[in-house]
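Structure first, then comments.
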Amino acid sequence: MSPGVLRRNRFRSYFLWFHLLPHSDHILFSSNGHAASCALHGRIRHVLQGSRTATSVFQTFPCSLQRKNISSVVLEGEEDPHQSSELPLLNAMRCVCVCVVVLVVLGARVNSFRFNELIDYVNKHQEEYVQTLRDWVSIESDSSDATKRTELQRVMGVVEEKLRGMKGNVDVVDVGTQRLDDGSIIPLPKVVTAEFGDDVNKHTVCVYGHVDIQPARREDGWATDPYNLTEINGNLYGRGASDNKGPVLAWIHAVEAYKALDIELPVNVKFLIEGMEETGSNGLDALVEAQKDKFFSDVDYIIISDCIWKSTRPALTYGTRGNCYFTAQVSTNSLLTFIYYTLISASGQILIPGVADAVTNFTEEERKIYEEVSFDMENYKSNIGVDRLMYDNKVDLLAHLWRFPTVSIHGIEGAFSGPRSKTVIPAKVTGKFSIRQVPNMDPAVVEKQVTDHLHAVFEQRKSPNKLTVSMIIAAKPWLADPKHALYEAGKRAVKRVFHVGPEMIREGGTIPIARTFQDVTNKYIIMLPIGGFDDGLHSQNEKISRYNYIEGTKLFIAYLQEVSLIKDN
Ligand SMILES: CC(C)C[C@H](NC(=O)CN)C(=O)O
């Protein structure tokens with residue numbers, strides 16, 4: 001290799017180095033000879049002997065340097081004998097280039113140099129973070145239970161107060177009312193928005209989350225009081241701990257850490273926190289539509305952390321299924337049982353004509369992607385408390401969780417369900433079931449297929465009773481391009497905090513507003529989960545681990561920095 005080529009390689013490697021090691025406190029360069037040494041934190045010193053080039057130093061050390069929180073890197077060495085005849089002009093040019101690079105790095109990444117301070121701050125405040133989660137979990141903000149509406153309003157007030165305390169530009173948005181089954185009308189919980197920073201030279205992200213919860217009763221099998229956050233073996237048990245109060249708080253704490261340390265936020269951050277997600281985000285579609293040219297006008301990206309990893313490895317989520325939720329009202333229990341039997345076969349095949357027609361073929365390429373996911377079937381079985389699964393291999397199971405529709409029977413309302421035997425005859429019973437939606441399925445079409453099917457099978461019974469079918473939730477599926485810069489930023493942030501790359505996963509559940517965000521605002525969305533695979537969302541003993549909650553906060557801190565580095569298209 002001629003000295004000229006070698007020199008060019010070195011300069012290219014400097015750029016590589018800056019990219020790989022953007023979070024040191026100082027990066028200093030002296031000469032760039034063949035022998036080079038790195039001084040790490042002034043404590044560890046590694047000297048490369050012989051004919052190693054600067055390039056090989058860069059390639060050897062990036063990860064270990066990052067892990068050791070380097071405060072300085074010094075490259076020094078002897079001059080290459082071949083270079084002694086170089087023209088002074090070339091040397092001067094080299095110096096200028098190095099200075100320019102150093103100045104650019106120091107200037108553009110000044111915030112990132114304080115990453116370690118932010119991390120220390122989070123570590124020092126973790127007890128406070130757990131206590132705040134405890135306070136939030138203690139509020140029974142069940143959006144499905146109208147009798148709990150004041151609690152729901154209360155939790156929204158707590159969110160508002162927290163964001164105001166951080167000096168955000170906070171707004172409380174009225175999203176109207178809700179008509180209950182008995183015809184009465186109650187107010188929907190107000191949506192809280194907040195804005196931190198309005199620098200037009202920065203990207204703007206909008207963090208979406210919810211603080212309503214699924215119902216939970218101790219007698220349903222909880223080992224602890226669901227509304228008293230209880231720590232056992234590093235896990236914080238309580239309803240909403242993972243879905244979604246913990247992740248919402250982790251985002252708030254991430255922003256709060258920047259502000260407390262007086263570190264400029266690398267991007268403008270907006271929050272949109274709602275209280276009706278668990279019943280289909282009532283009122284939120286209209287808010288997004290009304291705000292698309294206002295609140296959302298300067299938003300570049302929307303971030304949702306309302307999902308979980310698939311294993312112990314961190315993940316980025318690039319798809320969720322939608323949900324069509326139905327009620328079927330009849331006057332006797334047996335009619336409802338009959339209807340339920342006509343929805344799905346024992347082997348999981350949907351029996352409603354046409355429903356699965358729009359589903360795309362499961363390709364070999366997809367199959368290979370699913371094979372890569374580190375999902376443990378045994379763990380999964382023990383988590384959900386079963387001995388056998390409907391699919392006995394990982395790929396088919398994941399495919400049926402992520403990319404095929406499924407029917408779920410949720411319950412029967414009105415039938416006698418109390419203890420002891422009674423032969424009471426109910427005036428009406430309402431069956432509740434839902435069909436998860438996957439790409440290409442259209443809820444309007446599904447609504448017709450389900451309604452037609454139910455009326456046709458009901459007709460066969462020649463019953464004098466009446467059947468009423470209603471679709472009460474129509475949430476479309478959402479699918480992102482996992483190669484988008486937003487995901488690349490996510491991969492870098494995960495690596496920085498967890499020292500391992502994320503796996504790319506989809507979610508079997510539904511985030512009703514995700515598709516609306518995409519269709520109405522045209523903004524790009526990422527789902528960045530921090531919940532563990534075994535958090536037990538919607539189930540008994542829901543939890544988030546202290547590790548995921550605290551390291552998740554750090555992930556969000558890192559992610560804001562990584563998003564700031566995304567180049568405009
Ligand atoms: C439409 C459903 C009620 C939404 C619900 N989503 C979540 O719980 C996400 N936190 C679901 O059952 O998937």
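The values are calculated or read from the model by the stated rules, or taken from the named source; none is laboratory data. What you see is a predicted model; the values in this text were computed from it and never measured. No Cβ is skipped: glycine too gets one built from the backbone with ideal geometry, and neighbour counts run over all protein chains shown. The area values use the complete protein model at the heavy-atom level, side chains included, leaving out ligands, DNA and RNA. Shrake-Rupley method; radii C 1.70, N 1.55, O 1.52, S 1.80 Å.
Key figures for this structure:
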read-out: Region 380-485: relative contact order in percent, alpha carbon pairs under 8 Å with at least 6 residues between; value: 22 percent
read-out: Per residue accessible area of region 194-350, 1.4 Å probe, in Å²; value: 33 Å²
read-out: Relative contact order, percent, region 413-559 [alpha-carbon distance under 8 Å, six or more residues apart]; value: 20 percent
read-out: Sequence ranges 407-418, 482-493, ranked by mean other-Cβ count within 10 angstrom, highest first; value: 482-493, 407-418
read-out: At R0 = 22 Å, FRET efficiency that the Cβ-Cβ distance of His484 and Glu365 yields, to 0.05; value: 0.75
read-out: Ranked by how many other beta carbons lie within 10 Å on average, peptides 294-301, 263-270 from highest; value: 263-270, 294-301
read-out: Average accessible area per residue (Å²) across region 106-193 - probe 1.4 Å, nucleic acids and ligands excluded; value: 51 Å²
read-out: DSSP-defined beta bridges in region 186-290 - what % are antiparallel, rounded to 5; value: 55 percent
read-out: Estimated FRET transfer efficiency (Asp452, Met377; beta-carbon r; R0 35 Å; 0.05); value: 0.40
read-out: Gain in span if fully extended, Asp220 to Ser470, counting 0.36 nm per residue against the direct Cα distance; value: 87.2 nm
read-out: Where region 464-569 is the region considered: accessible area per residue in Å², 1.4 Å probe; value: 37 Å²
read-out: 13 Å cut-off, amide nitrogen to a point 7 angstrom out along Thr332 Cα→Cβ, residues in region 417-440; value: 425-429
read-out: Simple label model, 7 Å out from Cα along Cβ direction - Ser463 to Lys491, nm; value: 5.4 nm
read-out: Percent accessible area from carbon and sulfur atoms, region 428-569, protein chains only, probe 1.4 Å; value: 48 percent
read-out: Paramagnetic reach from Asp174 (point 7 Å along Cα→Cβ, amide N under 18 Å) across region 134-158; value: 150, 153-154, 156-157
read-out: 27 Å Cα-Cα reach of Lys462 towards lysines, excluding residues that sit fewer than 8 places from it in its own chain; value: Lys428, Lys432, Lys448
read-out: Cα-projected label distance for Ser417 with Arg388, points at 7 Å along beta-carbon direction, nm; value: 2.8 nm
read-out: Modelled FRET efficiency - R0 56 Å, Lys428 with Glu127, Cβ distances, 0.05 increments; value: 0.65
read-out: Carbon + sulfur, % of accessible area of region 186-284 - ligands and nucleic acids excluded, 1.4 Å; value: 42 percent
read-out: Whole-Hz couplings from phi, Karplus 6.51/-1.76/1.60, listed for region 506-516; x for Gly and Pro; value: 10, 10, x, x, 10, 10, x, 7, 4, 5, 5
